[in-house]
Each structure stands twice: as structure tokens, then as C-alpha cells.
Amino acid sequence: MKLLSGNEAIARGAYEYGVQVATGYPGTPSSEIMENVARYDEIYAEWSTNEKVAMDTAIGACYAGKRAMVAMKSVGMNVAADSFFYAVYTGVRGGLVIVAADDPGMFSSQNEQDNRQYGRFAKMPVLEPSDSQESKDFVGAALELSEQWDTPVLLRTVMRISHSASPVELGERTADDAAPTPPLKRDPHRLVCTCVWAKHQHPLIEERLKKLAEFANSYPLNRLEWGERKLGIVAAGAVYNYAREIFPQASFLKLGMSYPLPPALIRELAEGVEQLLVIEELDPFFEEQIKAMGIACRGKDVFPAYGELTPAVIEKLAAEAGLLPPEAVSEERQLPLPELPGRSPIFCPGCPHRSTFYALGNKMKDVIVAGGIGCYNLGALPPFDATDTMGAMGASIGVAHGFDVAGIPDRFTAVIGDSSFFHAGIPPLLNIVHNGSNANVVILDNQTTAMTGHQDHPGIGENLRGERAPKVEIEALVRACGVSDVHKVNAFDVKAVQQTFEKALAFDGPSVVIVEGPCFFVGPGASGAYEVDTDACIACGACFRLGCPAIVRSDEVNAKTGKPKAKIDPVLCVGCDMCAQVCTSDAIHPLE
Amino acid sequence: METVNFMITGVGGQGTILASDILAAVGLAAGYDVKKSDILGLAVRGGAVLGHIRWGEQVHSPIVPEGRVDYLLAFEILEGLRRLDQVHVGGTVLINQQEIHPASVTSGLAAYPDRDAANEALNVAVERVYHIPGLGMAQNLGNARVLNVVLIGALSGLLPVEPTVWESVLGERVPARYKELNIRAFRSGREWIEERR
């Protein structure tokens, strides 16, 4: 027995059940899946440039007869969707498991989508594990289903499964890794999804779903657990375990396969209990299908279709709905607590993004900023308050182009990180060139995929397997896309960053500024802390506007203004020098 | 046995994740069913971190039920206060005497909780509070980064699992060249609590 997180267990499942090719793109809460898969030498593992590329790569490997896995976060499924839809039509040969880690509660995502819907939408089976043991086992089950039914299978987890740990029984790897890969078996009538051929597949897919629903009735991953007959509960995934604890006496239908649903099991539970309750996070996915079967149940009239359904939420709302005695709910404690300030995330000391948002949030406040996904989204928060829009990976460039064609009178720019640029920034950059846009683009090249834990990308020179890779130069790539006005600037030169932005914004036509500076965690490291000469400090507050965790308020004040002077925490300071550059009274210097 | 519920809280970078890993692994090594849940989110950027750990005969949910924390291990005062309402009256709070000011405080938009008010809330909330100077103890050992192991050592002194189990789990989880330092950190935390228990 070993304690594994859900993500580690999924990686272990890939190993034990003979996955030979695994691909993905980093995204919380899924990133640790591929990081752990990469530790098994038997599996070819890569961070692909985006989720769609990862999906196509895995599909190609399956066509070649290999077992493959693709891992991504909730919204990664939107990027990958174009590809898994066709794989449902072509079939897969080698088993294909698609792992999507959803984020109910939106701990680190821009929306709260329920990816079970993609199972129904794309017409592929969905499995949902409830703990780490199941996370490992269900990888094997998904691969078997995939090969048996010739379809990709979605393994859907949520943050609480991916980032929770529980004991797992380990097994051995089953694949024959020494077997040579045979030549590709050609079969264009299946693998070429042209309309004339693919339309013959659709009726077969509908037929397959009906058979899968029948199969689900006796599938061991779905089980009836009879308790008292007063209340019957349908649940899956993380929520099943909360419900088991809160309703220890109830009868349960524990669903390991969330799509298609097992009609006979649902009827059997419904007929065996006085009241049927569906407890599911996010969408009424089970509830609507159960009601469509003509079976009465409660669900979203009790629990919300948003947020995490934690035990506390389930308990409270179930009691309010009369499903639990009120005394079963623990009362909220009223303590004489002082006011507790929040703790929002902030750019780290030594972060290269600081100069960009210092410029855009202070000196160039008039500029409308279209932002994107990554650490640089913290530019939307105080003290910068610089970012005006943020929706998805790579969206900023298109949104800025939209501002241009709409003719807004403001100055505006798009901001995008290096990993996001490789992921989804190149087509919109080509688009602004092709359509003669006046959009300006700032590419923040910090030499890593920082937000999700410093994964590689094509601009780094090394891949997930630790091999050296050609380092794609962003400047050359941007010029190859047809942008002629390209600027490069050192992120740690605060004034130069602002001046370069001004120059690029003044250019008539598309322009790109590449702000270069490594993320502190992949850079050369700290170079000695700085200190504030309190006598020289006039408490102007300029350094505070850098939003650096190392710069704090001193107890000393400027006698005239009453404003606090600055001091630097020598433990946190890494000596990036930005505060010394913005200081108006030359009061900040390297510590003697 | 009754399920034992732990909560570990602190600020990204303080080493709370290793602490919750060790606590969970010790439970498993001692023969309990164990579940653990970490909120990582944006914690690496100096946000708040929160871990739930549960030991028991059979543990279903990895999340500690509302208000039923038996042991709150707080690496930082403000974050400890933030989770104080999750501890039941008979529970224990072990709180590291360290303040890490969030940006809202350094920028002057909010005040860090007053120490007297904090202590009053702690005393009202639970029967047993241990105010441990963990950072100073770690610095005395020569490395502030062993704060997490000092605190785990202190917590271990309140639990019915032999120190040898803790030390063997700890030894598996730290790099070999830091093992001896970590064992010393663990023992210093354990001695601190044993003198006060």
C-alpha cells in the first residue's frame, strides 16, 4: 500500500496498464499526471504545445496500436474537442484514455465547466473515480472499454480527486515493451473522416451508446449498495464519499461510469426506496437523464449547480430540505475573531512580469490591456489593476484585434506569456498581420510555463523527457509570421520596458514587444538582497507600487506627509534591482 | 477508533505540503486508513495553503467535516486564525508564532490582527493552544527551511504513534544529506511539546 494523490495514481495506472504514449498540456489540477508519467521510462511522455496537439498525437499512437493517454485540465477539453470528436468516429485500435481534471469551486480556472457533458456531446463513455485506488484502477478499465468498444474513453476527475491522497495497492506493468511496432494498418474508410464515409459511422455510434447503456447495468464499476429503504442516493466521484459519510444508512447507486447511465440499476434503486436523491457537483447531468427516464428524483432543487459540493454544503442543504435531521449539522462557531485580511497571490520577488505591469498600471494607465492565462494575470490585481480582459489561453491577441476593428479610441495592447504564445498565440498573430490590424502584442518570455509549476515548451531547449530540443526563438517566429515592427527588451530594466511599449504603441501596424527575463525559479537565482536607506527615503510610495512581497512598510514615517517609509525584507529580497530603479530619492541599494 | 481530523495551514513556501505528506504517511504506517486533501491552487505565489488529513478505521471523505478539526497545525498566525472556527472546543491548536504580512497589509489597505485579540480568540476557541516559536527553533538549528519538521515534531508529541515511526517516514521523504538535520529538527519540536504537555 502506498499513499498516492489521484494524479499520481492515474500516472501509476498508465504504467501498470501498459500505456506506451502519454501526452498533455499543463493546467491545474491536472499537471502532476504527466509529471509523474514522465518518471516511467517505459512510457513515451511529452508536454505537447496544446491540448489539441496532445490529443491528435495520442490518437495517432492509438491508430498504430499503442495504448495512449492524454491529460489536461477542465478547459483543456475545449481546445482538444475538435480532435476527440473525430476519434469517436474513427475508433482507436489501441486503447485511448482522455483524462480531464475538472475544477468545481474554480480554485484555478476561468470557468466551472462540467466535462461529463463532453462524454454525452461527443458520444463516448465517461468514468469517474472516487479515490486514488479507483483513479489507478479506472485507467485500466478505461483502456479495456476503449479497446472493447473501439472508442476513446473520458476519465473525469475533479480537483478533490486529483489533489487528494489515499492508499493504493500497487501492481506490475503488463505491456510487452520489447515488441516492435508493426507497420500501420491502412483503413481509409474508417480513419478518413470524410463526410461520405463518416456518415455511415454515426448510426453505429448511436447503436453503440445503446449497447453501452445495457452493458452499464452489469458493469462492476457501477454498484448498488443497499441500506435503509427510506432514501436512495445516486452519486459518483468525490461526492460519493462525502455522501457516504453524511448518509451512512442510505441506499446508494455508486456510479463508476457516469455516461452512459445504467437504466436498470437506476430503476431498481428508485423502486426500492421511498425517495431518490441525486447528489452531483455542477450540472444536473444525472438528474436530467434520470428525469427523462420518467423517474422522479430530487437534486438541483436541493444542491446548487455551481461551486464545490463539500460535505459542509451537502450537510447544510440536505438538512434544510428535510433530508437530514437538523442536529446532524454542526453549528458554525461564532468566535471573537479580529478582522482577518485576505491573502491574495502576488508576483514573487524577482518576477520579470513586475516591470510590465508597473508600466501599464502606473505610467500608462490609459492603455487598455487584453490579458491571458498565466502568472501575468496577477496584473489584474492591486497594486497594478492593469488588466482589462482575460478569458482563455491565447485570447488576448484576438481580443485586441477586435478592439482595433471596432475602432476604440483608446490605446490598447495584448499581453501573452511565452507558453501561451506557443499554445494558442500564433494563429491570432498571423490573423492580425493578414488583416492589417493595428494591434500591439506584448509577449512575456519568462522561459517557462510558470503558473502550473515550470513545465517545458518549445522555447526552452529541453523537453519533458529531459532531452535537449531545438530552442524556438520567439523573435524569429514572430518575424516569420509577418510582423516587421518587433522589439526586444530586458524585463529587469524598468524604464526601458515602458519606453519600448510607448514606441511599439506608436507604430502604425501590428507590432510585437518581447519582454525577456526568466522566471525567478528557472533563472540564475538570487543576487544579494537590497536595503532602504531610511534617512534618504522620502516615503513617496513608488516602490510599494511594484507590489513586491519583499518591500514592506517601515515603522518610520515622513515627518511632513505622515506617510510610511519603505523597508526591505532581506530574506525575501532576491536583488532584482527594480525597486532601486523606481526609487525617486536614490534610497535603495544592495545590502553592504 | 474515532477518526482523527487534522488541518494544516500556512503560506505558500513555508513547507506545509511536506508536513501534510508526512502526517498522512505516518497514519498509514501506523495502520490507519488515511485520506488527505491539499488545496494547492495559486499557493506557490504566496497565497494561503490548506491541507486536510484524516486517520481512522475507514475514512470516506478526504475533507474534514465542518467544525470537526481535532488538531490545527498553523504555520502562520493569520492563517491559523482564518481556520480557527473549524476546530471543535475540545480540539488542539498548535500555532507557529510567525507573521507573514499579506500584500493588503504591506500596502496599508488592511491591518494585521493584533496579537492580544488573536490570543483571546484562540483561548475562547479551544481547550489547548500551544504557541510555538518554530521559526526561531529552525534558525537555531541552522536552517529556517526545517520549520515544517520542527512543527511536525511538536505535533507528534500529542499523538499515540511511536517516534521511530515518524522518524522513519521523515527519513524517506527528505534528501539524504539533510536527513540528520531533519531528525534533529523533529526531535527539537518533540522535546518542546513534551516539556509543555
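Throughout, read-outs are computed from the coordinates displayed, never taken from laboratory work. Keep in mind that what you see is a predicted model, and the values were worked out from it rather than measured. Cβ coordinates were reconstructed from backbone atoms using ideal geometry, including for glycine residues, and neighbour counts include every protein chain displayed.
Restricting to segment A:26-65, give me the number of residues that are under 18 Å from A:S109 (Cα atoms) and in a loop (DSSP other than H, G, I, E, B).
Taking segment A:26-65 and keeping what is under 18 Å from A:S109 (Cα atoms), we get A:26-33, A:50-51.
Still in the list and also in a loop (DSSP other than H, G, I, E, B): A:26-30, A:50.
Matching residues across segment A:26-65 total 6.
For segment A:321-359, filtering for residues that are crowded, with 16+ Cβ neighbours inside 10 Å, more than 7 Å from every other protein chain (Cβ to nearest Cβ) and either among the small types (G, A, S) or out of contact with any helix residue (DSSP H, G or I) (no Cβ under 9 Å at 6 or more places or on another chain) (or both) leaves 5.
Evaluating B:P113 against the criteria (1) assigned to a helix (DSSP H, G or I); (2) within 7 Å of chain A (Cβ to nearest Cβ) leaves one unmet condition, (1).
Here A:V483 does not qualify as surrounded by fewer than 18 Cβ atoms within 10 Å (Cβ to Cβ) and either in contact with a strand residue (DSSP E or B) (Cβ under 7 Å, 6 or more places away or on another chain) or more than 14 Å from chain B (Cβ to nearest Cβ) (or both).
With segment B:22-101 as the region, which strands (runs of 3 or more DSSP E) entirely inside it contain at least 1 residues that are facing another protein chain (nearest Cβ under 9 Å) and buried (at least 21 other Cβ atoms within 10 Å of the Cβ)? Talk me through it step by step, then tell me what you get.
Values: elements: B:33-39, B:48-56, B:69-74, B:87-96.
The strands (runs of 3 or more DSSP E) meeting that bar are B:33-39, B:48-56, B:87-96.
Does A:A179 meet the test of being of a type in the set (A, V, I, L, M, F, W, C) and more than 25 Å from A:G76 (Cβ to Cβ)? For A:A179, the condition - of a type in the set (A, V, I, L, M, F, W, C) and more than 25 Å from A:G76 (Cβ to Cβ) - is met.
Number of residues in segment B:8-18 that are more than 11 Å from chain A (Cβ to nearest Cβ) and surrounded by fewer than 24 Cβ atoms within 10 Å (Cβ to Cβ) equals 2. Restricting attention to segment A:386-395, does a residue exist that is touching a residue at least 40 places away in the same chain (Cβ under 8 Å) and of a type in the set (V, I, T)? No: zero hits. The set of residues in segment A:354-382 that are closer than 21 Å to A:E502 by Cβ and assigned to a loop (DSSP other than H, G, I, E, B) comprises A:M364, A:K365, A:D366, A:V367. Just one of the numbered conditions (1) within 14 Å of chain B (Cβ to nearest Cβ); (2) on the phi < 0 side of the Ramachandran plot is not true of A:P188: (1).
Residue-wise test of (1) closer than 14 Å to A:F247 by Cα; (2) buried (at least 21 other Cβ atoms within 10 Å of the Cβ); (3) among the basic types (K, R).
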position	(1), (2), (3)
A:E274	no, no, no
A:D283	no, no, no
A:E287	no, yes, no
A:M293	no, no, no
A:A296	no, no, no
A:G299	no, no, no
A:P304	no, no, no
A:G307	no, no, no
A:K316	yes, no, yes
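The residues in segment A:542-576 that are within 11 Å of another protein chain (Cβ to nearest Cβ), surrounded by fewer than 18 Cβ atoms within 10 Å (Cβ to Cβ) and either farther than 30 Å from A:V522 by Cβ or touching a Leu at 6+ places or on another chain (Cβ under 9 Å) (or both) can be counted, and the count is 2.
Summed over segment A:564-592, residues that are touching a Phe, Trp or Tyr at 6+ places or on another chain (Cβ under 8 Å) and assigned to a helix (DSSP H, G or I) total 4.
Checking the structure you have, find out if any residue of segment A:139-151 is of a type in the set (V, I, T), under 26 Å from A:K2 (Cβ atoms) and either within 14 Å of chain B (Cβ to nearest Cβ) or within 19 Å of the chain's Cα centre (by Cα) (or both).
no
B:G134 satisfies every condition listed in (1) in contact with a helix residue (DSSP H, G or I) (Cβ under 6 Å, 6 or more places away or on another chain); (2) surrounded by fewer than 17 Cβ atoms within 10 Å (Cβ to Cβ) except (2). The set of residues in segment A:68-114 that are small (G, A, S) and within 23 Å of A:W149 (Cα to Cα) comprises A:A68, A:A71, A:A80, A:A81, A:S83, A:A87, A:G91, A:G94, A:G95, A:A100. Checking each residue in segment A:30-58 for being within 14 Å of chain B (Cβ to nearest Cβ) and in contact with an Asp or Glu (Cβ under 6 Å, 6 or more places away or on another chain) picks out no residue at all. The residue that is nearest to B:G15 (Cα to Cα), counting only those in segment B:102-120 that are buried (at least 18 other Cβ atoms within 10 Å of the Cβ) and of a type in the set (A, V, I, L, M), is B:A103.
Only one residue in A:E245, A:E274 is of a type in the set (D, E, K, R) and within 14 Å of chain B (Cβ to nearest Cβ). Which one? It would help to see each step written out before you state the result.
Values: A:E274 fails: within 14 Å of chain B (Cβ to nearest Cβ).
It is A:E245.
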